[in-house]
Amino acid sequence: MQKFLPLSKPTISNETIEEVINVLKSGWIATGPLSQKFEEKLSEYFEGRQALCVTSATAGLKVALMAIGVKAGDEVITTSLTFASTANVIAMLGAKPIFVDIERDSFNIDPNKIAEACTEKTKAIMPVHYAGLPVDLDPIYEIAKAKNLRIIEDAAHAMGSEYKKRKIGTFGDIQVFSFHPIKNMTSGEGGCIVFDKSLTKEKKFIELQRFHGIDRSIWDRFSKNASCYYDVVMPGEKSNMSDLQAAIGIHQLQELEQMNERRRFLAARYRKAFAELSEKISMQAEPEYEFIHSGHLFPICVKDETKRDDFMAFLKENSIGTTPYYMPLHLFSYYKNTFGYNSGMLEHTEYVGKRIVCIPLYTALQEVEQDYIISTIKKFFA
Ligand SMILES: *Cc1c(COP(=O)(O)O)cnc(C)c1O
């Protein structure tokens with residue numbers, strides 16, 4: 001019997017495992033020297049920009065929104081074809097997520113529809129680089145500049161993605177990355193917030209907010225020469241990254257390019273194999289601007305929406321994991337009940353939302369396994 005091929009699984013090297021064991025033996029597993037080192041490595045990776053680690057991208061997005069002053073009554077523009085946390089963090093601050101439609105072919109937010117969604121209350125725009133395909137950022141940054149808005153890029157899928165020869169995270173306003181194990185790079189759980197070093201106010205705020213509003217890190221307090229006294233200057237969250245997580249992240253960052261290369265190689269094989277199924281399924285369109293896809297997810301649209309559930313069930317019976325990433329957020333009960341959203345609002349998001357399925361893509365997926373997935377999919381549509 002075919003062994004189960006999941007949607008995703010992390011690849012953890014032996015060096016990573018050894019490093020984790022060393023941390024466990026070191027006597028210090030909370031936030032400490034390795035978390036600091038991870039932030040330095042990330043800062044290098046992002047060409048000298050500031051990188052602050054947190055426990056998740058969700059925590060990072062929330063803290064970043066707070067850092068730019070998003071509060072009750074504000075509006076934040078984003079996409080509905082995304083994971084719950086993108087809009088949840090907006091709503092948790094009492095602000096209103098304004099969902100702008102996607103492009104039917106790229107599955108990314110449509111930059112041409114953002115300006116008309118702006119109101120007096122708009123504070124920020126949160127584009128999501130869906131699946132790892134960079135959003136067309138230039139026009140969005142132009143709108144933000146003209147209207148004096150901030151941009152927080154939900155870059156949870158975009159470690160290693162590039163837009164017009166620039167790595168996501170090396171330019172723009174604020175980016176938030178996820179190191180959840182399902183993503184293309186992991187630290188067990190975790191995330192980081194990236195921005196320009198000139199944003200000293202935001203840096204200070206995020207450092208306080210991620211750790212109880214305490215004005216010095218716990219590592220400082222418990223190391224030999226530190227004072228044991230501290231001040232609480234605001235009520236803060238508890239979303240600091242541990243050294244255990246950082247130990248994983250440091251190695252994954254070193255291995256990222258190689259892992260993404262493997263993902264892109266497998267994605268290209270899928271693309272080639274599915275070219276003949278263009279009447280049955282569509283794939284994420286490749287934009288005209290120069291880009292590099294991280295290869296986080298491989299989404300396809302089952303054109304006949306009535307067949308999607310059968311398709312996923314058929315793959316499951318054949319030991320292949322899939323998931324409908326994402327069900328549009330504006331159709332979940334909280335968003336319907338709270339903001340009066342409903343179906344009919346976002347044409348392309350709803351079209352894609354009914355048809356989209358992500359299929360397995362991860363570095364350890366073997367070519368013979370992928371060939372099996374491809375032939376199973378072809379069998380379904382035959
Ligand atoms: C996974 C994900 C998040 C949240 O990441 P966590 O690290 O799990 O909090 C946010 N946005 C998008 C688009 C995601 O896919």
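Here, each number is a calculation from the coordinates, and none is a lab measurement. Owing to the predicted nature of the structure, the values given are computational and were not obtained by experimental measurement. Heads up, the Cβs are rebuilt from the backbone with ideal geometry, glycines too, and the neighbour counts pull from every protein chain shown.
Below, the figures for the structure above:
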{"quantity": "Estimated FRET transfer efficiency when R0 is 45 angstrom, pair residue 17-residue 303 (beta carbons, to 0.05)", "calculated": "0.55"}
{"quantity": "Anchor residue 113: lysines whose Cα lies under 23 Å away (excluding residues fewer than 8 positions away in-chain)", "calculated": "96, 121, 123, 145, 147, 164, 336, 354"}
{"quantity": "Mean Cβ count within 10 Å, highest first, over the residues of peptides 111-121, 5-15", "calculated": "5-15, 111-121"}
{"quantity": "Estimated [θ] at 222 nm from DSSP helical runs (n ≥ 4, -39500 (n - 2.57)) normalised by residues in the chain, nearest 500", "calculated": "-12000 deg cm²/dmol"}
{"quantity": "Between the stretch 113-144 and the stretch 311-381, the Cα center-to-center distance that results, in Å", "calculated": "24"}
{"quantity": "Taking all pairs of distinct alpha-carbon atoms in the stretch 176-251, Kirkwood radius in angstrom", "calculated": "13.9"}
{"quantity": "Förster-model FRET efficiency, 25 Å R0, residue 337 and residue 72, C-beta, rounded to 0.05", "calculated": "0.90"}
{"quantity": "Ascending count of other beta-carbon atoms within 10 Å, so fewest first, for 327, 159, 234", "calculated": "234, 327, 159"}
{"quantity": "Built amide H within the under 5 Å cut-off of residue 174, gap 5+", "calculated": "151, 153"}
{"quantity": "Translational D in µm²/s for the chain (Stokes-Einstein at 4 °C, 1.567 mPa s, Kirkwood Rh from C-alpha pairs)", "calculated": "60"}
{"quantity": "Mean separation of Cα contacts under 8 Å, 6 or more apart, over the residue count of the chain: relative contact order %", "calculated": "23"}
{"quantity": "Residues residue 117 and residue 378, FRET efficiency given R0 of 25 Å [Cβ-Cβ distance, rounded to 0.05]", "calculated": "0.05"}
{"quantity": "Spatially proximal lysines relative to residue 224 (Cα-Cα < 27 Å; intrachain offsets below 8 disregarded)", "calculated": "25, 37, 41, 203, 204, 238"}
{"quantity": "Distance in nm between pseudo-label sites at residue 354 and residue 316 (7 Å out along the Cβ direction from Cα)", "calculated": "2.1"}
{"quantity": "Relative packing of 58-69, 31-42, which averages over residues the other C-beta atoms within 10 Å, highest first", "calculated": "58-69, 31-42"}
{"quantity": "Mean Cβ neighbour count within 10 Å, used as a protection proxy, ranking 73-86, 368-381 highest first", "calculated": "73-86, 368-381"}
{"quantity": "Spin-label proximity, residue 142 to the stretch 280-312 - amide N less than 17 Å from point 7 Å beyond Cα toward beta carbon", "calculated": "288-290"}
